[in-house]
Each structure stands twice: as C-alpha cells, then as structure tokens.
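Engineer: Starting off with a structure, shown below.
Nothing in this text is a laboratory measurement; each read-out follows from the coordinates by a stated rule. Predicted model only: the values in this text are computed from it and were never measured. Using ideal geometry, Cβ is built from the backbone for each residue, glycine included, and neighbour counts are taken over all protein chains shown.
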Amino acid sequence: NIIDHNSPYYLHPSDYPRQMQVNDALSDKNYADWVQEMENFLFAKNKIGFVDGSIEKPDKSSKDYMAWMRVDAMIKGWLTTAMEKEIRSSVKYASTASEMWLDLRERFGKESAPRAYELKKKIAASHQDGNTVSAYYTKLRSLGDEIQSVFPMPRCTCNGCTCDIGKRLVEHH
C-alpha cells in the first residue's frame, strides 16, 4: 500500500502533528494573517481539501478510510498547535479538521463592517512618525490588506466591463 507522493493522503516522514506551521499562533486579533499562512501551508502540502471539505471522509468500508483518518488527525494537530491555548481548548472536540476549520471561520472570519471601520480609523490616524517611507507604506498596506480580507470589495463579473464598480466604491468611502 504505497501512497503516491502527489496524493493528498501522502504524509512525509518528517511530518508530525505538533509542528508549528505559521509565524504566530492564532489569537483573537490575527485570524486574517493566520488563515492566509495556514492555507498556503496546507495548499503546499496538498491538504487544503481536508479543511475546505472537498476531500470528504470516506465510508469506513473504503480502502481510503484509514489514510484519510491519519491525514485528518495530522491536520488537526497542525491546526491546534498553531493556536493560543484558549482557542485550542474551544475546538479540541471537533471530529474533523474540516469541522474545526469551519468553526474558526464562523468565529473569526466573518465579514465584519465594524472591524473594517476600526481598520479604516487606524489608517486615517496613522502617521509616518520617523519611519522610513517603505516601513510606513508597509504598515498602511498591511492594514489595507486586512480590510480587504475582513470586508472584501465586490468584484465586477461582467465581460467587457463598463460599470466601474471599483471606481464608484472608492468615491463613496
């Protein structure tokens, strides 16, 4: 039963559940950055389908059942290791990585007009304060990126666009 290295069921011998896969543990304040880093990691490991639900748990009678269970347990370990203790204790009873991921998204990832407003206020109150132009730009860009992740701008889907949706949104803010 050798699993192809390209299979989502493949686990590398160096993989272990208590690996920290992101720069900072998930807290109440950093979900947008954390989820982006974790998604990148899971995508690189070919495991994103376990959290987004696209690789469903097979029936117990399936030949893939045990492989799926091993990978799902590994991912739950990766996720919980990368969380602050209080958050970890609130998701430890999730039966699958997908269930844990959905719980986190429901709690921290909602589009949030109040959070976007708070971030816009931070941008408006920002000053260069002796920082280099690139450091100041990076700070502003980071806040702008977080606003976009919390409250994404609508994107035009018409072909040969003439609706200027992006321009109108900027003018109204």
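Engineer: Relative contact order, percent, of region 21-154 when contacts are C-alpha pairs under 8 Å separated by at least 6 residues?
Structural biologist: 26
Engineer: Can you pull out the chymotrypsin sites (Phe, Trp or Tyr not before Pro) in region 1-102 that DSSP calls coil and that have at most 12 other Cβ atoms within 10 Å? Intermediate results must be reported in sequence, preceding the final value.
Structural biologist: Working: sites: Tyr9, Tyr10, Tyr31, Trp34, Phe41, Phe43, Phe50, Tyr65, Trp68, Trp78, Tyr93, Trp101; in loops: Tyr9, Tyr10, Tyr93.
Sites meeting the loop and neighbour criteria: Tyr93.
Engineer: Over region 1-90, calculate the relative contact order: mean separation of alpha carbon pairs under 8 Å at least 6 apart, over the residue count, as a percent. Write down the numbers at each step before the final one.
Structural biologist: Details: 70 pairs, mean separation 38.9, N = 90.
Once divided by the residue count of region 1-90, the mean separation gives 43 percent.
Engineer: Let me ask another. Please give the net charge around Gly49, taking every other residue with its beta carbon less than 14 angstrom from that of Gly49, where Lys and Arg add +1 and Asp and Glu add -1. Before the final figure, lay out the partial values.
Structural biologist: Working: positive: Lys45, Lys47, Lys57; negative: Glu39, Asp52, Glu56, Asp64, Asp72.
Here the count lands on -2.
Engineer: Please report Rg (one decimal) and Dmax (integer) in Å for the Cα set of region 1-101.
Structural biologist: 13.5, 43
Engineer: Still on this model: What does the charge dipole of region 1-71 about its Cα centre add up to, to the nearest 20 debye, if the Cβ of each Lys and Arg holds +1 and the Cβ of each Asp and Glu holds -1? Walk me through the intermediate numbers first.
Structural biologist: On the way: 8 positive and 11 negative charges, 67 e Å.
Result for region 1-71 is approximately 320 debye, rounded to the nearest 20.
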